[in-house]
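Take a look at the structure below.
The values are calculated or read from the model by the stated rules, or taken from the named source; none is laboratory data. These numbers were taken from a predicted model, which means no experiment stands behind them. Every residue, glycine as well, gets a Cβ built from its backbone with ideal geometry; the counts of neighbours run over all protein chains shown. When the accessible area is computed, the model is the full protein with side chains, heavy atoms only, and any ligands, DNA or RNA have been set aside. Shrake-Rupley method; radii C 1.70, N 1.55, O 1.52, S 1.80 Å.
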Amino acid sequence: MRLTIFRIAEEALTNIAKHAKASTVDVELRLVEDQNSLRIMVRDDGQGFDLSNTKRSVGLVGMEDYANTMNGEYNIQSAPGKGTLVEATLPIAATEESTEPTIAP
């Protein structure tokens, strides 16, 4: 799970550096207790893009694949002039010895 979170953040930040022309970037990792999951959000105030008119690049597909591999959910929101939000929610695995959730390796 740690690698998945890292790779999604890495790709989102790489895309921001290459394309967004953003002045502000926020990265947030949040525990979503009622869903027993972790959510990573990478948001920028850059130029954004039209999702319906954009070729699905290796990076965008890769982030979605990383989330799907962990049985997670992936979403990207963007619009020209409105910035971009990349969000992935990944379930936390529970160990057999404990009822406490743990981050799966």
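Data table
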read-out: Restricting the stretch 1-30 to residues that are of a type in the set (A, V, I, L, M, F, W, C) and without any contact (Cβ under 8 Å) to a residue 60 or more places away in the chain, the residue that is least open to solvent (accessible area, probe 1.4 Å); value: 9
read-out: Filter pass, residue 12 being within 17 Å of residue 75 (Cβ to Cβ) and either of a type in the set (A, V, I, L, M) or under 14 Å from the mean Cα position of the chain (by Cα) (or both); value: yes
read-out: Enumeration of residues in the stretch 51-88 that are among the polar types (S, T, N, Q), in contact with a strand residue (DSSP E or B) (Cβ under 9 Å, 6 or more places away or on another chain) and more than 19 Å from residue 13 (Cβ to Cβ); value: 68, 71
read-out: Cβ pairs under 9 Å, 6+ apart, first in the stretch 34-58 and in contact (Cβ under 8 Å) with a residue 60 or more places away in the chain, second surrounded by 13 or more Cβ atoms within 10 Å (Cβ to Cβ) and assigned to a helix (DSSP H, G or I); value: 38/5
